[in-house]
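To start, the structure itself, in structure tokens.
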């Protein structure tokens with residue numbers, strides 16, 4: 001079943017679903033680009049790991065039901081202690097949480113030089129905390145290099161990434177920062193009622209640049225991965241839509257017999 005939304009489906013932003021969406025979309029983009037870029041370039045999926053204090057991930061977008069079930073103390077544990085210990089208390093020692101995120105690198109086939117980095121933002125990247133700080137450090141390194149950056153923001157939660165000379169607002173946005181044009185970059189803002197705009201993937205000057213039809217890729221992924229079976233359209237999306245957009249979305253869902 002196709003998504004009822006013309007562009008980004010706001011229900012896919014739910015914290016319990018977003019990690020699967022993020023990594024599946026990165027893989028779909030890699031599969032889409034790899035045959036178009038050969039033999040001059042190849043595509044690699046890389047992984048970034050964030051470390052958080054126990055419980056912190058609940059506040060950056062990971063759902064409670066994604067956390068491993070905690071240990072329940074048993075009498076066996078208590079009985080295993082030396083008998084001469086008078087005060088015995090069962091406690092928990094929480095370990096740090098790990099969050100893994102993937103992104104795409106485009107490299108030259110002959111020298112393996114890094115040409116383009118393609119990122120899909122997560123709530124972790126956009127909310128204050130260590131994940132935000134780590135991502136900004138990496139972003140600044142790329143923006144100070146000869147590597148192109150494509151930054152796709154499909155989550156409404158959190159703060160917009162730093163940029164100048166734009167005072168507008170949008171639900172979502174794609175930033176295409178070409179190394180040779182910095183500090184200028186192409187910003188493609190769009191809202192929940194609009195299809196996701198396509199963009200040309202920046203490569204070395206003079207090379208044919210494939211057009212990335214992200215709207216088609218996401219919608220095909222939605223059907224291929226059967227996300228309609230995992231989304232509850234009878235509830236509000238998370239985060240909620242603005243009142244006007246919520247009324248518009250309710251009309252779409254009603255027409256699709258999802259309400």
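Bear in mind that the values in this text are calculations on the coordinates, not laboratory data. Because the structure is a prediction, the values reported are computed rather than measured. Neighbour counts run over all protein chains shown; Cβ positions are idealised from the backbone, glycine included.
Descriptive notes on the structure:
- Cβ-based exposure ranking for 126, 46, in which fewest neighbours within 10 Å come first: 46, 126
- Label sites at residue 232 and residue 34, each approximated as a point 7 angstrom past Cα along Cα to Cβ, lie 3.7 nm apart.
- Highest-first arrangement of 8-14, 231-237, where packing means the average Cβ count within 10 Å: 8-14, 231-237
- Put in order of Cβ neighbour count within 10 Å, fewest first, the listed residues 45, 196 become 45, 196.
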